[in-house]
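Structure record follows, encoded as structure tokens.
The values are calculated or read from the model by the stated rules, or taken from the named source; none is laboratory data. Everything numeric here is computed off the predicted structure, so don't read it as measured data. All Cβ positions, glycine included, derive from the backbone under ideal geometry; neighbour counts span all protein chains shown. Note: areas computed on protein heavy atoms with side chains; ligands, DNA, RNA excluded. Shrake-Rupley method; radii C 1.70, N 1.55, O 1.52, S 1.80 Å.
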Amino acid sequence: MSLNLQTHTEHFTNPLYLESGRILEPYDITYETYGTLNDDKSNVVVVCHALTGSHHAAGLYEGETKPGWWDGFIGSGKAIDTDKYFVICSNVIGSCFGSTGPMSMQYSHHEPYRYKFPVVSIKDMVKAQRILFDRLDIHRVHAIIGGSMGGMQALQFAIHYPNFANKIIALATTHATQAWAIAFNKVAQESILNDPDFKQGYYDPELLKEQGLSGMAVGRMAGHISFLSHESMRRKFGRDYKLTDGLYELFGKFQVESYLEYNGYNFTKWFDPLAYLYITKAINIYDLSRGFDTLAEALKRITSALYLVSFENDLLFKNFEMKEIADELKKIGNKNYNYIDVKSDYGHDAFLVELDKFENYVKDALHG
């Protein structure tokens, strides 16, 4: 069967009241759907994307060769089977792929928000999605699944909208962003802010799409290191040197250096730097226990079946951070959860790359 990929944008004129006390209005949410909604709307699976992801989670756009970011996972007969499920993935507010973000036009002005855009939190992103689902007349879903920042959203859904999803599947994430991850984000933020071409936030976005932003590229290189691991880098690159470079040339490169350069500079041509600053801020301030006395108090609100997946060699969100959630659930007597630590030395990005290691687990979780 076909994927039945459809892309839509919804416009909202009611104010979105943010966690900070600020208001966002009006705002747009761009989202993509796959599969077919059944008559009683009981087959909806919500997919939440990570930091640099978007609503385009699967399939190919016309004339493009690169499929959506979880294409190996979503589709006919795949882990999230579009023959069975109606899958929705929306672009978070604050991003740069259609939903309202810092480079969106400010209402009644013909200028982008830039720094006038309010700080949004993961909770705000989830609230906006919940409003979108209301608009679509979807008031309960079969499951919500996401990895990394997508996992943060899935867990926020579980706590703040406890009767919305039957199942919550959170991969490669944490209950609160720790100092290690904040430190990597700091390197990226400083690299962007100190690049003269960033022009203190008043850059021309069209120019950056052509030329990129070298400061952001450097920051992304640092981030990329945190997505991999010592073992996966050793396996992928070893000490291989570029064949065209001399070992004693000052700017001769190892393959790993070329890889980081390519990914870093390429990234800056398709991702907006202000959106990067706003989303990394949202990740940094993420804490499931905010507004509650303890993490346990927050977790007591959960009524969904919870499936927690960590990865053994994840450097960004260490596996013990996910285990802390499982341990708290056990302490409060929640028996409706399952936690696995996937054996992997790939690193944080294993949830995007090593699908074969956990796809059966997700299939069973969705089916059970």
Looking at segment 176-192, which of the residues that are assigned to a helix (DSSP H, G or I) and not aliphatic (A, V, I, L, M) is nearest to M322 (Cα to Cα)? W180
Within segment 311-341, the count of residues that are in a helix (DSSP H, G or I), out of contact with any Ser or Thr (no Cβ under 9 Å at 6 or more places or on another chain) and open to solvent by 20 Å² or more (accessible area, probe 1.4 Å) comes to 3
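Every residue, every condition in (1) surrounded by 14 or more Cβ atoms within 10 Å (Cβ to Cβ); (2) over 24 Å from F117 (Cα atoms), yes or no:
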| position | (1), (2) |
| --- | --- |
| P15 | no, no |
| S20 | no, no |
| T30 | yes, no |
| T33 | yes, yes |
| S42 | no, yes |
| C48 | yes, no |
| S54 | yes, no |
| G59 | yes, yes |
Residues being closer than 25 Å to T280 by Cα and open to solvent by 30 Å² or more (accessible area, probe 1.4 Å): count how many of those fall in segment 67-103. 7
Segment 123-142 residues that are part of a strand (DSSP E or B), paired with ones that are open to solvent by 30 Å² or more (accessible area, probe 1.4 Å) and of a type in the set (D, E, K, R) (beta carbon under 9 Å, 6 or more apart): V141/K41
Every listed condition ((1) at pLDDT below 95; (2) within 13 Å of the chain's Cα centre (by Cα)) holds for S108 save (2)
Are any of the residues in segment 346-355 of a type in the set (S, T, Y) and either open to solvent by 70 Å² or more (accessible area, probe 1.4 Å) or part of a strand (DSSP E or B) (or both)? no
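Residues are listed down the side, and each one gets a yes or a no for (1) small (G, A, S); (2) part of a loop (DSSP other than H, G, I, E, B); (3) without any contact (Cβ under 8 Å) to a residue 40 or more places away in the chain:
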| site | (1), (2), (3) |
| --- | --- |
| E19 | no, yes, no |
| T30 | no, no, no |
| D39 | no, yes, yes |
| V46 | no, no, no |
| T52 | no, yes, no |
| D71 | no, yes, yes |
| G77 | yes, yes, yes |
| K84 | no, yes, no |
Can you find a residue in segment 287-298 that is surrounded by 15 or more Cβ atoms within 10 Å (Cβ to Cβ) and within 18 Å of the chain's Cα centre (by Cα)? yes
Considering only segment 106-158, how many residues are within 22 Å of T280 (Cα to Cα), open to solvent by 10 Å² or more (accessible area, probe 1.4 Å) and touching an Asp or Glu at 6+ places or on another chain (Cβ under 7 Å)? 1
Return the residues of segment 193-212 that are assigned to a helix (DSSP H, G or I) and open to solvent by 100 Å² or more (accessible area, probe 1.4 Å); say none if nothing qualifies. P196, K199, Q200, E206, K209, E210, Q211
I'm trying to understand the selection: among the residues of segment 1-52, which are within 23 Å of the chain's Cα centre (by Cα) and among the hydroxyl-bearing types (S, T, Y)? T7, T9, Y17, S20, Y27, T30, Y31, T33, Y34, T52
Set R239, R301, R235: member being among the charged types (D, E, K, R) and either outside any loop (DSSP other than H, G, I, E, B) or surrounded by 20 or more Cβ atoms within 10 Å (Cβ to Cβ) (or both): R235
